[in-house]
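Heads up: the structure comes next, in structure tokens.
The values are calculated or read from the model by the stated rules, or taken from the named source; none is laboratory data. Predicted, not measured: the structure shown is a model, and the values here were computed from it. Neighbour counts are summed over all protein chains in view; Cβ atoms, including those assigned to glycine, are modelled from backbone coordinates with ideal geometry.
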Amino acid sequence: MTDIVLTIDDRRYRVVSDRGTDISLPLDFHGDQPAHFGAPPATAAPLHVGEFIGDTSQGGSCNCETLTLVPHCNGTHTESVGHLATPLLSVSQLAVEALIPTLLVSVEDEPAGDCGETADPRPRSGDTMITAAALSAAVQRSGHRPQSGLVIRTLPNDPGKRARNYAVGAPPPYLSSQAAELLVAWQVRHLLVDLPSIDRTHDEGRLSGHRRFWGLAQGDSLAGQATRPEATITEMVFAPNRLADGLYAMSLQIAPFVTDAAPSRPLLFPLEPA
């Protein structure tokens, strides 16, 4: 096993590189998958070119499928500020660090009307939010400082998140304005959540949480206006309960698509004192 040592907050840690946990959602093009914002499911079909068919079960010489997906809605994906601004900043140019010091914390959402925090636009009846107060308490419980990477696991952490249709039932939680501002104050550069979006699903197109995180004011539409263009947001992860809150080394693997969002595969590696 390769011996990798990281220094985090003046402490040395050995990366347990043979015990990584993939916290992405496997995207099954032929089975159950998560759904968000009314987007169609990701699909796969055999390639047809002339007499060739890319399906061995139909007599083809090999399997070769055409894949159709909406990265923002069909599973784990990482976004750049190009989600909101032009010219396009390809997400494949970001998170190029080999290993990113990352803190995993677990939080419960709170009824928006009772939490004392706000959102833009104003929360609706029945909305729930991930608050700055809950994040602060979770970080304090972890016994560590916020890191460049932060994974937010919402409770309860049921396996149904792996293939949830977010258009059905209660709307998913989202970050309060204060929570988004706190992440910036903590200098979190790579945010990962197990939600379909850090903003309310239907928020009048404001995406205020995204804008706060990237440092892009309402109305600004140029990537050069963002104060944090190097930051990334990864949505629809799933951190299994066997992973304790605390410090990890993360490899954030992003498909090399030249686009604002691409499927991604975050790996968390445990750390040991070195």
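Taking the range 160-213 on its own, how many of its residues are part of a loop (DSSP other than H, G, I, E, B), closer than 17 Å to residue 231 by Cα and of a type in the set (Phe, Trp, Tyr)?
Qualifying residue count, the range 160-213: 1.
If I ask for residues that are closer than 27 Å to residue 37 by Cβ and either of a type in the set (Lys, Arg) or at pLDDT below 95 (or both), which ones from the range 232-274 would you list?
The one that is closer than 27 Å to residue 37 by Cβ and either of a type in the set (Lys, Arg) or at pLDDT below 95 (or both): 265.
Among the residues of the range 94-115, which ones are modelled with pLDDT under 95, of a type outside the set (Asp, Glu) and surrounded by fewer than 19 Cβ atoms within 10 Å (Cβ to Cβ)?
Across the range 94-115, the qualifying residues are 96, 98, 113.
Could you pull out the residue among 135, 88 that is touching a residue at least 24 places away in the same chain (Cβ under 8 Å), in contact with a helix residue (DSSP H, G or I) (Cβ under 7 Å, 6 or more places away or on another chain), surrounded by fewer than 19 Cβ atoms within 10 Å (Cβ to Cβ) and on the phi < 0 side of the Ramachandran plot?
The unique qualifying residue is 88.
Which of the residues belonging to the range 47-85 are of a type in the set (S, T, N, Q), under 22 Å from residue 166 (Cα atoms) and crowded, with 18+ Cβ neighbours inside 10 Å?
Correct list: 74, 76, 78.
Considering each of 141, 206, 228 in turn, give the residue that is in contact with a Pro (Cβ under 7 Å, 6 or more places away or on another chain), surrounded by fewer than 20 Cβ atoms within 10 Å (Cβ to Cβ) and of a type in the set (Lys, Arg).
206
Give me the residue from the range 214-231 that is under 16 Å from the mean Cα position of the chain (by Cα) and in a loop (DSSP other than H, G, I, E, B) and, out of that set, farthest from residue 131 (Cα to Cα).
230
Go over the candidates 119, 138 one by one and state the one that is in a helix (DSSP H, G or I), under 21 Å from the mean Cα position of the chain (by Cα), modelled with pLDDT of 95 or more and not acidic (Asp, Glu).
Only one candidate passes the filter, namely 138.
With the condition kept exactly as written, say whether any residue in the range 249-271 is assigned to a helix (DSSP H, G or I) and without any contact (Cβ under 8 Å) to a residue 40 or more places away in the chain.
No: zero hits.
Of the residues that sit in the range 170-205 and are out of contact with any Lys or Arg (no Cβ under 9 Å at 6 or more places or on another chain) and of a type in the set (D, E, K, R), which one is farthest from residue 235 (Cα to Cα)?
Checking each candidate, the answer is 204.
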